[in-house]
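Just so it is clear, none of the values below were taken in a lab; they were calculated from the coordinates. Just so we're clear, the structure is a prediction, and the values are computed from it rather than from any experiment. Positions of Cβ are backbone-derived with ideal geometry, glycine not excepted, and every protein chain shown enters the neighbour counts.
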Amino acid sequence: MKNIVILISGTGSNMAAIVNAARRQRWEDRLGAQVNCVVSNRADAGGLVFAARQGIATEVVDHKAFATREAFDAELTAVIDRCQPALVVLAGFMRILTPGFVQHYDGRLLNIHPSLLPAFPGLHTHQRALDAGCRFAGATVHLVTAQLDHGPILAQAVVPVLPGDDADALAARVLTQEHRIYPEAVARRLAELPAQ
């Protein structure tokens with residue numbers, strides 16, 4: 001079975017979209033794949049409740065309990081590796097990962113970013129797009145590399161910037177597309193991986 005471990009920090013709406021797509025599209029039968037664990041750096045992350053209700057194992061690795069980023073990533077790696085992941089999927093995981101962590105999961109670590117990369121890496125993407133006068137915005141699924149919000153692009157979705165948009169309105173429109181393209185990109189990546 002190709003196990004998927006999803007990392008979250010909050011409500012986990014992209015995680016939920018992936019879990020729901022996996023069930024609806026019968027990934028276990030079609031792809032030999034399952035979401036087998038959801039890990040958060042915050043014990044109060046709402047997505048943990050959703051995952052547990054779906055019968056998915058959950059883990060918490062609180063970044064505040066570690067003196068360094070490297071120590072946190074070492075413990076996070078240990079927790080993830082116990083799940084024997086084919087893919088590690090970042091779904092609103094709000095921690096910058098060390099190069100060693102990224103290298104450990106090279107080619108198996110996916111992220112979604114709420115902009116049309118390479119435009120607007122980092123935070124406040126929607127406001128930055130508005131401030132720049134963009135007519136279009138969107139989301140990007142990419143493989144994670146040591147450089148923040150870079151790496152090979154796996155999927156993108158484009159939405160119009162409408163008159164009167166503020167950052168929240170634009171974010172909501174982009175999020176609906178995130179929920180569509182992230183499960184699609186994960187499924188495609190799983191199909192490319194050898195059976196485990």
Inset, instruction - Could you work out the relative contact order of the chain, using alpha carbon pairs under 8 angstrom and six or more residues apart, expressed as a whole percent? - result: 22
Inset, instruction - Specify whether the C-alpha gyration tensor of the range 1-139 places it in the rounded, prolate or oblate class, a ≥ b ≥ c being the square roots of the eigenvalues: rounded for a/c under 1.5, otherwise prolate if a/b is larger than b/c and oblate if not. - result: oblate
Legend entry - Ranked Cys37, Cys83, criterion: other C-beta atoms within 10 Å, fewest first: Cys83, Cys37
Inset, instruction - Calculate the length of the line joining the C-alpha centroid of the range 106-131 to that of the range 42-80, in whole Å. - result: 23
Legend entry - Sorted by Cβ neighbour density within 10 Å, fewest at the top, the residues Tyr105, Tyr182: Tyr105, Tyr182
Inset, instruction - Mind sorting Ser13, Ser115, Ser40 by how few other Cβ atoms lie within 10 Å of their own Cβ, fewest first? - result: Ser13, Ser115, Ser40
Inset, instruction - Give the calculated FRET efficiency between Arg24 and Ala195 to the nearest 0.05, with a Förster radius of 22 Å applied to their Cβ-Cβ distance. - result: 0.50
Inset, instruction - Measure nothing but the geometry: give the 0 to 90° angle between the long axis through the Cα atoms of 167-192 and the longest principal axis through the Cα atoms of the chain, rounded to 10°. - result: 40
Inset, instruction - May I ask you to derive the FRET efficiency for Ala65 and Ala167 from their Cβ-Cβ distance with R0 = 25 Å, giving the value to the nearest 0.05? - result: 0.15
Legend entry - Phi to ³J(HN,Hα) by Karplus 6.51 cos²θ - 1.76 cosθ + 1.60 over the range 17-27, Hz, x for Gly, Pro: 4, 5, 4, 5, 5, 4, 6, 4, 9, 6, 4
